[in-house]
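The values are calculated or read from the model by the stated rules, or taken from the named source; none is laboratory data. Please read all numbers here as calculations on a predicted model, not as lab measurements. Cβ: placed from backbone, ideal geometry, glycine included. Neighbour counts: every protein chain shown. Only protein heavy atoms, including side chains, enter the accessible area calculation; ligands, DNA and RNA are left aside. Shrake-Rupley method; radii C 1.70, N 1.55, O 1.52, S 1.80 Å.
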Protein chains: 4
Amino acid sequence: MPAPAPNLYPPFNIIRLGHVVFSVTDLAASRAFYVDTLGLQVTHEDDETICLRAMEERGHHSIMLRRGERAAAQSLSFKLFSEDDLDKARAFFDEKGLPAECVERPFQGRTLATRDPHGIPLEFYFHMDRLPHIHQQYALYHGARPLRIDHFNCFSSNVDASVAFYNEIGFRVTEYTEDEETGRLWAAWIHRKGGVHDMAFTNGMGPRLHHAAFWVANPLNIIDLLDLMSTTGYLGNIERGPGRHGISNAFFLYVRDPDGHRIELYCSDYQTVDPDHEPIRWDLKDPQRQTLWGAPAPRSWFEEGTLFTDVETAEPDLKAQPIVAP
Amino acid sequence: MPAPAPNLYPPFNIIRLGHVVFSVTDLAASRAFYVDTLGLQVTHEDDETICLRAMEERGHHSIMLRRGERAAAQSLSFKLFSEDDLDKARAFFDEKGLPAECVERPFQGRTLATRDPHGIPLEFYFHMDRLPHIHQQYALYHGARPLRIDHFNCFSSNVDASVAFYNEIGFRVTEYTEDEETGRLWAAWIHRKGGVHDMAFTNGMGPRLHHAAFWVANPLNIIDLLDLMSTTGYLGNIERGPGRHGISNAFFLYVRDPDGHRIELYCSDYQTVDPDHEPIRWDLKDPQRQTLWGAPAPRSWFEEGTLFTDVETAEPDLKAQPIVAP
Amino acid sequence: MPAPAPNLYPPFNIIRLGHVVFSVTDLAASRAFYVDTLGLQVTHEDDETICLRAMEERGHHSIMLRRGERAAAQSLSFKLFSEDDLDKARAFFDEKGLPAECVERPFQGRTLATRDPHGIPLEFYFHMDRLPHIHQQYALYHGARPLRIDHFNCFSSNVDASVAFYNEIGFRVTEYTEDEETGRLWAAWIHRKGGVHDMAFTNGMGPRLHHAAFWVANPLNIIDLLDLMSTTGYLGNIERGPGRHGISNAFFLYVRDPDGHRIELYCSDYQTVDPDHEPIRWDLKDPQRQTLWGAPAPRSWFEEGTLFTDVETAEPDLKAQPIVAP
Amino acid sequence: MPAPAPNLYPPFNIIRLGHVVFSVTDLAASRAFYVDTLGLQVTHEDDETICLRAMEERGHHSIMLRRGERAAAQSLSFKLFSEDDLDKARAFFDEKGLPAECVERPFQGRTLATRDPHGIPLEFYFHMDRLPHIHQQYALYHGARPLRIDHFNCFSSNVDASVAFYNEIGFRVTEYTEDEETGRLWAAWIHRKGGVHDMAFTNGMGPRLHHAAFWVANPLNIIDLLDLMSTTGYLGNIERGPGRHGISNAFFLYVRDPDGHRIELYCSDYQTVDPDHEPIRWDLKDPQRQTLWGAPAPRSWFEEGTLFTDVETAEPDLKAQPIVAP
């Protein structure tokens, strides 16, 4: 089994994924997509930046949109348990020889900006401004009624290496796809917060962000979003779904924002808090892996992703191919 | 069995219920309720009148709100198959000695204004202005996402007599409540359009309008409305539900508008188009009659209703009592 | 506009579609599919025949399965308003020179067996045995929880001609697809009972039965069926969906029975009882026609269908092609 | 604010609630309720004992039913992070002077049996037998389709004291009800696993178990259970709901098993993993506290509960009263 045993006593304590910073080329177009269509709430807005949160989130934002020349993901952020963990994280990355520096970020406390071994720009923080709860202000709910950020998914040019690194810092594998021929990992889902994942890796030209996902209450929220997007000019932004994943057992939809950043709407995975939770293995050639109901994902889903700002990508050496829709 | 056999060849052909005209004391407050909260669409609006339709309706309106001194129901309207049926209806009501005259109504063709034997102001029309369909303009959907008007329910001081009259003009009984002691009808559900009812009668001081109902797609639309009303100042307007009716098997919620007019949100009853469809009998003392899950309705639900403009009411002679919540 | 005006005074009164008789090659396999998986209820069963009804149906059956050498549809049945209508129907088909004879059918009264001009074997009956209602026996609900038969859809080698014939006997067009180049009908949805259709025709080698459809309460029943079929050996029987149709606005799934007969699970279309209900036109090249969300149907969906017993088929002369999934 | 600050570095690490052991007087009747009706899966069964798990659970059981002379709760069990935590827990309870001993329990590793200061029999274990996952065996899903155990709720004669104790062992308060007059806690919801609660306390004659709750995917699963129980002889076992809690924002239903043990079906609360997650305060007199939609709970809900085996109860000194249904 190529999935590593969990590291139950990691060097620092990551609570959960926090937020993603996207460069977008047209803030107004992005606002129409994320706010008017998906249903995220604006928590800050100026000429350069829009901050967004989902309905049950109390942290200031889970997506930050920044006006940019070209579409990109600037960083993926994770929330730490305490300030002490920030220092421990700094020491860990320093020791690894990975670039790490403390940076100022609006709406949050001391923040560590660093990189994973493939170059993914990671940021760690222990404090973000807390906002009043709005989860019972039902007049604000609309669109897909997104409740909280759920996970990131990244292309990796070496999934085994990516999983080994994140495993070292405490992420635990819940499900994984193995290439039967080589015995190597083709994809893996890894978590900190007790769901199927905070982060996932898929074999491909990397590092790139494959998607960020938001949790919704049930499949009808996703059907509502499909109806809305289909009749408000976003038909071409619907990429894959709806369906149920074999992996994670979640109900899903993938859509693309005006810059092509991929967003998943996601619900109904399962609880994984037990330290002895057993990962589930899937064969790359299992047609129910991607979608329990059998429909393969389109080629764009396997090939397209968001570049990280100023990060070079590499082709994977594992050449095994998934089942792709014709 | 006190439910009469259907009159399959009635004197004129009623297609379905059409609309109700409500007097309301504060148009702005009513607009906030019906449009912003329930989710009906405005099709006409002036200083005196607001016309509303639900999402799949193509007729101009299913509710007309008119500014008035006091809350009342001005009329219940029904759509006829053809203009010929309007003349036949006129002849029928004339022969019965019931007041009947042709009147002008905005947005519709020739209209017959008449009364049922208990004085309920009925109007019949064969043409109402047709509007472009909006059922696939999903950006307009909000609130409870009402799809179409479903039925009226009236208090009657003599349900046997009410049912006999409406049976004569072609309404067919689908379910009814019998008072076991007297063998008399305590309530009845009667239809023209092929669902459980276009009209129902309940024993009580009558005639009064008990409620008008709108069809929604599924129970989650009703739960969404409850969440919305509970957090936007309408907590006191929630009267009964949610629940599943024993009678009709429909999922329901009853709410009150700012003037106290009762509106039901309703879904999941069944098809009754067969001429040999058998009515279902319920005993007044069956605790599952009102709500399949056992919860009795509150006293207000049995006692309060909307007066018809300038119509005197009478107490019922049938004194049998339903199960009322303590 | 190629959709004919409705014939509001047809020669005889058809209430609704009634049932389909399928030849199946393995009764036990069909039972596992229709009963254990879809959730239909057995109302009669012997060595040659299984009769099935959905949860709210009170007629004896809406599907009859008969053991046969090869898969086929033996007939499509429709319920008439009265016995008088049976005689009128007989006269109508005789006058048209179409084969028509009275036949004995189990569980129903006098029955007229005839053919439409393309050879589709039609049967008309006014009485079928009525069974006790089971719609509130919730312990019986399982699978997709089918509530009632909703419609048939047939391939026709000449949709204009098919629609003209059924229009003459009172079916009304609710939506239709036009081939822009020729101005001819490529498909049409026609009804008697007040929904979007009791019958539909699609351009193709015909006559063949494309599918029979069952109404369910909401999309989650369809998602439940997908989950069930995906994990009980029926993965390959899932053909298309889930999705929302552009035409009809209904949420749908198409599955194939063990003999390849296609069944649709269907919900959320709209009411069409008004005699002045306006049909909706769609262009054959509109990508949202098939699926509002844009996904095209697979080739099998356009090409495969069930032969009617002993009926020859013809290729359509209209060669216009829909959008087909690659 | 009477809710204590969280103890982020507790003496031992509790992962989540684990299971409850119920004494039941008729194993067959309990089986019909928990298995055939609620939809739990049997993982062990003999003449004295039935073990049950929900659909996504991999631990051997979340409810154990044991044949007994009288209905009671024998213990509430919690899963620890590691065996080391078991030793730390032993030391903690010893130091507190609370009875603590290591016991043998079937299907699990070393187990600590102890008591909280009010006498609630608690058990802690770090290992329970792991079973193959069944969450994608959809043919097994039925009833309410319960996914996992979610929380326990207990009556306490002194909620302030209960919360102080559980806070010391790491439970964090997410929501609480304050009696405005005295400033004391009337109820509190406390968690370990990252949802609104693993445990809650309500002011009342205690200690007694108020209920154990199971998570379901969405409100329609709860509506399905209501329909099923209403028509299979369990009408009288429906106690309260359905509704949405003000506290927790969850959709709920309370039912009673054949011995009166109360079970909640529960969904749609929110994530609370942040160490700086702020508790929400509710006033005891807020009518939306119990049910966001305003309906008060019945008297039985406030007064009836399950005794713990051989544990004496005491009346609370806080006499403040909630709003009770008339």
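Do we have D:D286 as of a type in the set (D, E, K, R) and either surrounded by fewer than 23 Cβ atoms within 10 Å (Cβ to Cβ) or more than 20 Å from B:P242 (Cα to Cα) (or both) here?
On the way: of a type in the set (D, E, K, R): yes; either surrounded by fewer than 23 Cβ atoms within 10 Å (Cβ to Cβ) or more than 20 Å from B:P242 (Cα to Cα) (or both): yes.
Criteria met by D:D286.
Here's a check for you: in the stretch D:86-124, which residue that is open to solvent by 40 Å² or more (accessible area, probe 1.4 Å) and among the small types (G, A, S) is farthest from A:H245 (Cα to Cα)?
D:G97
Scan the stretch C:272-322 residue by residue and report those that are of a type in the set (F, W, Y) and under 17 Å from B:Q137 (Cα atoms). Spell out the reasoning first.
Taking the stretch C:272-322 and keeping what is of a type in the set (F, W, Y), we get C:282, C:293, C:301-302, C:308.
The answer is C:W282, C:W293.
Considering the stretch A:256-280, the residues that are surrounded by fewer than 23 Cβ atoms within 10 Å (Cβ to Cβ), among the charged types (D, E, K, R) and within 14 Å of chain D (Cβ to nearest Cβ) include one that is farthest from A:L226 (Cα to Cα), namely A:D276. Apart from one condition, A:F214 fits all of (1) surrounded by fewer than 23 Cβ atoms within 10 Å (Cβ to Cβ); (2) within 14 Å of chain D (Cβ to nearest Cβ); the exception is (1). Among the residues of the stretch A:308-325, those identified as in contact (Cβ under 8 Å) with a residue 12 or more places away in the chain and more than 15 Å from A:N203 (Cα to Cα) are A:F308, A:T309, A:V311, A:E312, A:A325.
Restricting the stretch C:1-18 to residues that are at pLDDT 95 or above and in contact with a Pro (Cβ under 8 Å, 6 or more places away or on another chain), the residue that is surrounded by the fewest Cβ atoms within 10 Å (Cβ to Cβ) is C:L8. Residue-level analysis places A:A71 among those that are among the aliphatic types (A, V, I, L, M) and more than 30 Å from D:S268 (Cβ to Cβ). In the set (1) within 20 Å of B:V273 (Cβ to Cβ); (2) in contact with a Lys or Arg (Cβ under 9 Å, 6 or more places away or on another chain); (3) more than 14 Å from chain B (Cβ to nearest Cβ), C:W189 fails one condition alone, (2). Filtered by the rule that a residue be assigned to a strand (DSSP E or B) and either crowded, with 23+ Cβ neighbours inside 10 Å or of a type outside the set (G, A, S) (or both), the stretch A:19-41 gives A:H19, A:V20, A:V21, A:F22, A:V24, A:Q41.
Among residues of the stretch D:286-298 that are farther than 22 Å from B:P326 by Cβ, those with a beta-carbon under 9 Å from a residue that is among the hydroxyl-bearing types (S, T, Y) and in a loop (DSSP other than H, G, I, E, B) at least six positions away or on a different chain give the pairs D:L292/B:T231.
Residues checked against (1) charged (D, E, K, R); (2) over 23 Å from D:V173 (Cα atoms); (3) within 13 Å of chain A (Cβ to nearest Cβ):
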| position | (1), (2), (3) |
| --- | --- |
| D:P4 | no, no, no |
| D:V20 | no, no, no |
| D:I50 | no, yes, no |
| D:E56 | yes, yes, yes |
| D:A72 | no, yes, no |
| D:E83 | yes, yes, yes |
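Pairs meeting the criteria (first residue in the stretch A:1-20 and more than 27 Å from A:H60 (Cα to Cα), second residue open to solvent by 30 Å² or more (accessible area, probe 1.4 Å) and in a strand (DSSP E or B), beta carbons under 7 Å, at least 6 apart or on different chains) are A:M1/A:R281; A:P2/A:R184; A:P6/A:R172.
Give the number of residues within the stretch B:192-201 that are out of contact with any His (no Cβ under 6 Å at 6 or more places or on another chain) and more than 7 Å from every other protein chain (Cβ to nearest Cβ). Step through it out loud before you land on a result.
Residues of the stretch B:192-201 that are out of contact with any His (no Cβ under 6 Å at 6 or more places or on another chain), as a first pass: B:192-196, B:199-201.
In the following step, the residues that additionally are more than 7 Å from every other protein chain (Cβ to nearest Cβ) were identified as B:192, B:195-196, B:199-201.
Number of matching residues: 6.
Of B:G241, B:G233, all but one fail to be in contact (Cβ under 8 Å) with a residue 12 or more places away in the chain and among the small types (G, A, S); the exception is B:G241. Looking at D:G241, is it of a type in the set (G, A, S), over 26 Å from D:S75 (Cβ atoms), open to solvent by 10 Å² or more (accessible area, probe 1.4 Å) and out of contact with any strand residue (DSSP E or B) (no Cβ under 7 Å at 6 or more places or on another chain)? Judged against the criteria, D:G241 is not a match.
Under the condition of being hydrophobic (A, V, I, L, M, F, W, C) and either open to solvent by 10 Å² or more (accessible area, probe 1.4 Å) or free of Cβ contacts under 8 Å to residues at least 24 places away in the same chain (or both), the residues counted in the stretch B:187-211 number 2.
Filtering B:L253, B:L235, B:L226 for residues that are in contact with a helix residue (DSSP H, G or I) (Cβ under 8 Å, 6 or more places away or on another chain), open to solvent by less than 10 Å² (accessible area, probe 1.4 Å) and within 11 Å of another protein chain (Cβ to nearest Cβ) leaves a single hit, B:L253.
Are any residues in the stretch D:125-160 away from every other protein chain (no Cβ under 14 Å) and either open to solvent by less than 10 Å² (accessible area, probe 1.4 Å) or out of contact with any Leu (no Cβ under 9 Å at 6 or more places or on another chain) (or both), and if so, which ones? The answer is D:F152, D:N153, D:C154, D:F155, D:S156, D:V159. Considering the conditions (1) within 11 Å of chain D (Cβ to nearest Cβ); (2) surrounded by 21 or more Cβ atoms within 10 Å (Cβ to Cβ); (3) within 21 Å of A:E57 (Cβ to Cβ), A:P219 is excluded by exactly one of them, (3).
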